[in-house]
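A.B. asks: Please see the structure below; I have some questions.
The values are calculated or read from the model by the stated rules, or taken from the named source; none is laboratory data. Quick caveat, the model's predicted, so the values are computed rather than measured. Please note: Cβ atoms are built from the backbone with ideal geometry, for glycine as well, and neighbour counts cover all protein chains shown.
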Amino acid sequence: MTQILRINKFNPEADIISQAAALIKSGELVAFPTETVYGLGADALNPEAVAKIFRAKGRPSDNPLILHICDVNQVRDLAHENDVSRAIMQKFFPAPLTLVLKAKDSVPKITRGGLDSVAIRMPDNPIAQSLIESSQVPIAAPSANLSGRPSPTDSQSVFQDMNGKIEMILDGGGLTDFGIESTVIDVSNPGKIALLRPGAFAIETLEKFLNAKVSEPEKISQPRSPGMKYKHYAPKIPVEIICPEDLTLSHANKFANSGFVGINQRAKIFFKRAIIFENVNNYARGLFFAFRELENQDIARIFVEWIPDWGIGRGLRDRISRAAGVDTNQS
Ligand code: AMP
Ligand code: MG
């Protein structure tokens with residue numbers, strides 16, 4: 001049985017944090033909220049603990065994990081830094097932004113999915129930060145869902161996927177802030193910063209700071225960022241993308257037995273069950289929860305609304321495309 005402990009998001013109770021940290025230090029798994037989604041945490045430097053993450057999720061072993069830190073000084077022992085990575089960290093951390101750098105040998109191969117690089121992030125959530133600080137190790141944490149399922153943005157979704165497989169869930173209450181995972185960039189070559197995975201951190205913000213373009217993910221059969229090649233985020237019923245201009249009467253019969261997730265108010269006329277958000281930020285925040293809610297309803301299909309390609313919209317489009325099984329760089 002997995003223990004769920006309610007914890008204050010803004011002022012996490014010290015006794016709960018120390019219980020959770022003791023589990024991490026002894027090589028066990030603890031799920032905890034971050035500002036993006038819930039993470040499934042283990043001591044990143046303990047290969048047996050990290051192996052438990054891959055087993056609990058059913059995650060392919062070549063899909064590397066992100067190391068979560070609470071202090072930029074931790075990076076020195078984990079990765080080869082450069083001026084650009086330092087400047088980005090200094091400016092933006094903590095943030096839903098993950099930096100990929102050349103790894104140092106202290107990071108076990110299993111944690112980095114066999115790669116020579118390592119991904120590092122400082123989450124902007126007091127529960128996550130206190131847990132990392134109290135554990136005194138970087139915490140490897142992918143999303144706390146079964147591999148391929150929608151990422152969990154509340155504690156009950158973690159429980160659905162992980163009950164009996166992990167020791168503890170820290171329940172921060174409600175939904176996580178952003179609702180989609182971090183933006184991952186490769187900064188190992190300071191002259192050519194590359195986007196590996198769009199996500200919660202707007203790439204425009206980074207480009208403005210760098211005063212340079214960030215290069216796009218390459219559509220290649222052997223992706224640099226291994227997670228890119230797997231189907232992801234999919235509910236149990238089919239997902240299809242719909243453009244707002246197609247939400248018209250002439251398409252209505254196609255929608256009759258379907259669900260909808262998006263921001264377009266017109267959708268409520270057409271669908272059996274429509275989850276409509278006020279804006280793109282709330283759409284990103286609620287997308288995965290909406291998937292889990294709709295898959296348990298008597299509908300044949302979920303239509304997700306396509307949105308413009310800027311800010312968090314970039315990351316949201318990526319998640320929507322993958323859930324629909326299109327444009328996933330699959331080889
Ligand atoms: P998640 O599945 O949300 O934990 O995200 C982990 C993702 O971060 C992976 O699937 C990769 O896309 C990316 N990532 C982690 N480590 C690396 C790395 N060393 N090199 C490139 N991408 C990485
Ligand atoms: Mg994930």
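A.B. asks: Looking at segment 7-20, is at least one residue part of a strand (DSSP E or B) and surrounded by fewer than 24 Cβ atoms within 10 Å (Cβ to Cβ)?
C.D. replies: No.
A.B. asks: Here are some residues: Ile180, Ile185, Ile139. Which one is buried (at least 24 other Cβ atoms within 10 Å of the Cβ), within 22 Å of Ile4 (Cα to Cα) and at pLDDT 95 or above?
C.D. replies: Selected residue: Ile139, the only one of Ile180, Ile185, Ile139 that is buried (at least 24 other Cβ atoms within 10 Å of the Cβ), within 22 Å of Ile4 (Cα to Cα) and at pLDDT 95 or above.
A.B. asks: Same structure again: Among the residues of segment 110-121, what is the count of those that are in contact with a strand residue (DSSP E or B) (Cβ under 7 Å, 6 or more places away or on another chain) and either free of Cβ contacts under 8 Å to residues at least 60 places away in the same chain or surrounded by fewer than 24 Cβ atoms within 10 Å (Cβ to Cβ) (or both)?
C.D. replies: First pass over segment 110-121, keeping only residues in contact with a strand residue (DSSP E or B) (Cβ under 7 Å, 6 or more places away or on another chain): 111-112, 116-121.
In the following step, the residues that additionally are either free of Cβ contacts under 8 Å to residues at least 60 places away in the same chain or surrounded by fewer than 24 Cβ atoms within 10 Å (Cβ to Cβ) (or both) were identified as 112, 116-118, 120.
The number of residues fulfilling the criteria is 5.
A.B. asks: Mind counting the residues in segment 83-108 that are over 27 Å from Leu316 (Cβ atoms), in contact (Cβ under 8 Å) with a residue 24 or more places away in the chain and either within 20 Å of the chain's Cα centre (by Cα) or within 16 Å of ligand 1 (Cβ to nearest atom) (or both)?
C.D. replies: Adding up the residues that qualify gives 6.
A.B. asks: Can you pull out the residues in segment 60-85 that are out of contact with any strand residue (DSSP E or B) (no Cβ under 9 Å at 6 or more places or on another chain) and of a type in the set (Val, Ile, Thr)?
C.D. replies: Passing the criteria: Val72, Val84.
A.B. asks: Let me spell it out: the conditions are (1) within 15 Å of the chain's Cα centre (by Cα); (2) surrounded by fewer than 20 Cβ atoms within 10 Å (Cβ to Cβ); (3) more than 13 Å from ligand 1 (Cβ to nearest atom), and Ala128 meets all of them except one. Which number is the exception?
C.D. replies: Unmet for Ala128, out of (1) within 15 Å of the chain's Cα centre (by Cα); (2) surrounded by fewer than 20 Cβ atoms within 10 Å (Cβ to Cβ); (3) more than 13 Å from ligand 1 (Cβ to nearest atom): (2).
A.B. asks: Next up: Residue check: is Ile88 of a type in the set (A, V, I, L, M), in contact with a helix residue (DSSP H, G or I) (Cβ under 9 Å, 6 or more places away or on another chain) and closer than 20 Å to Asp116 by Cβ? Spell out how you get there, then give the answer.
C.D. replies: Numbers: of a type in the set (A, V, I, L, M): yes; in contact with a helix residue (DSSP H, G or I) (Cβ under 9 Å, 6 or more places away or on another chain): yes; closer than 20 Å to Asp116 by Cβ: no.
No.
A.B. asks: Mind listing whichever residues of segment 235-258 are over 18 Å from Ser321 (Cβ atoms) and in contact with a helix residue (DSSP H, G or I) (Cβ under 7 Å, 6 or more places away or on another chain)?
C.D. replies: Passing the criteria: Leu247, Ala252, Phe255.
A.B. asks: Kindly indicate whether any position in segment 70-82 is modelled with pLDDT of 95 or more, among the small types (Gly, Ala, Ser) and within 30 Å of Gly286 (Cβ to Cβ).
C.D. replies: Checked segment 70-82: no residue is modelled with pLDDT of 95 or more, among the small types (Gly, Ala, Ser) and within 30 Å of Gly286 (Cβ to Cβ).
A.B. asks: If you take the residues in segment 147-164 that are surrounded by fewer than 17 Cβ atoms within 10 Å (Cβ to Cβ) and more than 13 Å from the chain's Cα centre (by Cα), which one is farthest from Glu295 (Cα to Cα)? Write out each step before concluding.
C.D. replies: First, the residues of segment 147-164 that are surrounded by fewer than 17 Cβ atoms within 10 Å (Cβ to Cβ): 148, 156, 160, 163-164.
Filter once more, so that each one left must be more than 13 Å from the chain's Cα centre (by Cα): 156, 160, 163-164.
Numbers: Gln156: 15, Gln160: 13, Asn163: 19, Gly164: 22 Å.
Among those residues, the one meeting the criterion is Gly164.
A.B. asks: Out of the residues in segment 142-165 that are touching a Leu at 6+ places or on another chain (Cβ under 6 Å) and within 15 Å of ligand 1 (Cβ to nearest atom), state the one that is farthest from Val261 (Cα to Cα).
C.D. replies: Pro142
One line per residue, one yes/no per condition, for (1) in contact with a Cys (Cβ under 9 Å, 6 or more places away or on another chain); (2) farther than 30 Å from Pro96 by Cα; (3) among the hydrophobic types (A, V, I, L, M, F, W, C); (4) surrounded by fewer than 21 Cβ atoms within 10 Å (Cβ to Cβ):
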{"residue": "Pro244", "(1), (2), (3), (4)": "no, no, no, yes"}
{"residue": "Thr248", "(1), (2), (3), (4)": "no, yes, no, yes"}
{"residue": "Lys268", "(1), (2), (3), (4)": "no, yes, no, yes"}
{"residue": "Phe277", "(1), (2), (3), (4)": "no, no, yes, yes"}
{"residue": "Phe303", "(1), (2), (3), (4)": "no, no, yes, no"}
{"residue": "Trp306", "(1), (2), (3), (4)": "yes, no, yes, yes"}
{"residue": "Trp310", "(1), (2), (3), (4)": "no, no, yes, yes"}
{"residue": "Gly313", "(1), (2), (3), (4)": "no, no, no, yes"}
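A.B. asks: Also: Limited to segment 262-292, what total is found for residues that are more than 19 Å from the chain's Cα centre (by Cα) and either of a type in the set (S, T, N, Q) or closer than 22 Å to Ile180 by Cα (or both)? Quick ask: steps written out before the conclusion?
C.D. replies: Initially, segment 262-292 is screened for residues more than 19 Å from the chain's Cα centre (by Cα), giving 262-279.
Checking the rest, the ones that are also either of a type in the set (S, T, N, Q) or closer than 22 Å to Ile180 by Cα (or both) come to 262-265, 274-279.
Total meeting the criteria: 10.
A.B. asks: Just checking, does segment 135-149 include any residue being out of contact with any strand residue (DSSP E or B) (no Cβ under 6 Å at 6 or more places or on another chain), hydrophobic (A, V, I, L, M, F, W, C) and farther than 21 Å from Leu29 by Cβ?
C.D. replies: no
A.B. asks: For Asp116, are the conditions met, namely being within 17 Å of the chain's Cα centre (by Cα), within 16 Å of ligand 1 (Cβ to nearest atom) and acidic (Asp, Glu)? Outline the logic, then answer.
C.D. replies: Working: within 17 Å of the chain's Cα centre (by Cα): no; within 16 Å of ligand 1 (Cβ to nearest atom): yes; acidic (Asp, Glu): yes.
No; evaluated as a whole, the condition is false for this residue.
A.B. asks: Also: Return the residues of segment 38-52 that are surrounded by 23 or more Cβ atoms within 10 Å (Cβ to Cβ) and part of a loop (DSSP other than H, G, I, E, B); say none if nothing qualifies.
C.D. replies: Ala44 - this is the single residue of segment 38-52 that is surrounded by 23 or more Cβ atoms within 10 Å (Cβ to Cβ) and part of a loop (DSSP other than H, G, I, E, B).
A.B. asks: Please go through segment 278-320 and give me each residue that is out of contact with any Ser or Thr (no Cβ under 8 Å at 6 or more places or on another chain), within 20 Å of Gly173 (Cα to Cα) and of a type in the set (A, V, I, L, M, F, W, C), ordered by number.
C.D. replies: Within segment 278-320, Ala284, Leu287, Ala290, Phe291 qualify.
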